[in-house]
Every structure is written in C-alpha cells, then in structure tokens.
Amino acid sequence: MSIFEKAIHDATATIESLRPLQSVHEQAAEVVGRCLLSGHKLLVCGNGGSAADAADFATEFACRFVSDRRPYPALNLAACGSLLTAIGNDYGYDEVFARQVRAFGQRDDVFVAISTSGNSKSIISAIAAANIAGLHTIALLGRDGGRARGLAQMELIVPTDITARIQEAHKFLLHTLCEIVEARFILPKQEAR
C-alpha cells in the first residue's frame, strides 16, 4: 500500500471512529448555540496546528461559515503575538491561554480547547481557569486524552495515535459543530425576525 493509500485508509478509519462521539458533539453544539444566541462569546485555543484549527473555528462564527448572517463573538486566544509573548515572558508559557481566559472570559461563555496530545500545560491551565470562571468547557483531544482528559465538561477524544489524522478529525468535528449550530440555532433565529 502506498503512503497516499494508507493515509486515505487511516483517515477514513479515524472519521468512522468518531461515531460514538455524536451525543457529546450534539451537546457541545447546543451549548455553543445557546451561548451565542444569549449574547455570550466563544474563547478558543490550541498550540501549533491546533492553534490554526482554533483560528478557523473562531473565524467561522465571527465572519461566517456557509450562510450570510450576522457575526457572533468568537476569539482565537492564539491570535495576538504581543499578548502571547508578554504573558509568556512575564508569567511563563503555561499561562498564555489561562491568563486570557481570566481577562476575557465571563460566566456562561464557552471555552474550547484543542490539543492532539492532551498533555499541553498551557491547555490544561486554561481549562482549569475556564472552569473556575464558570465558562462551559469543551475539549477536543487525541490519543487517550492525555492529562487533559476529564478536565472539561465535554470531551471529544479522537482515538488514534497519528497526529495528522487527529488534526483532520478535529477539523471535521469543528466544522460539523458549525453546521449544527447554524442550522439549529442561528438560521432559525434569523428567519424568525
């Protein structure tokens, strides 16, 4: 089997492995939808490739996903280089997201953490800060969930050891979450006006 064929095989198997997550995924979509419709916001973060996924997810709400509709407040906590480097320098990298959660998060906002390993100290600290501040917490993790497993109120754990396949599955979960939120919460609300 070629590398390309193996990648297709592994990606397909990974996506199929997500079926048991449907109930938690639906619950996460409901929490996000209710959050945005009630005037609250999303705070999203990740490191490396997961930071890029966080940026995309936040953009889908602050700009648009499929339909033309009003923007909703969603912040990518990995976006501001000066803030990240200031916090990293003054408080240590473990605090780069947690400090922002404490600065921007309010009770009933939603915090979404993305980590392929679940072992990033910056993600673990941020989930803890979000829980303390009364935010709804959702973690997208990989492998066995790592040290972050059990910390968030809702977890979507992709059960594979291949980082690329975990990231692809996270992207799928995030995009389908956007689809559900738009279809069930945002667009019906717009049509009702």
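What follows draws every value from the coordinates through simple rules; no lab data is involved. This is a predicted model, so every value here is computed, not measured. A quick note on method: Cβ atoms are made from the backbone with ideal geometry, for glycine too, and the neighbour counts reach across all protein chains shown.
So the values come out like this:
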| read-out | value |
| --- | --- |
| Separation between Cα centres of region 125-184 and region 1-61, rounded to whole Å | 7 Å |
| Alpha-carbon gyration tensor eigenvalues x 5, square-rooted, for region 55-138, Å | 23, 15, 13 |
| Mean separation of Cα contacts under 8 Å (6+ apart) over length of the chain, as relative contact order % | 24 percent |
| Nonlocal Lys pairs with alpha-carbon distance under 28 Å, the chain (8 or more apart, or different chains) | 6 |
| Amide proton proximity set for T160, modelled H, under 5 Å, gap of 5+ | R143 |
| Radius 12 Å from Cβ of E168, net charge of other residues (Lys, Arg +1; Asp, Glu -1) | 0 |
| Computed magnitude of the charge dipole of region 31-185 (debye, nearest 20; Cβ of K, R +1, Cβ of D, E -1) | 260 debye |
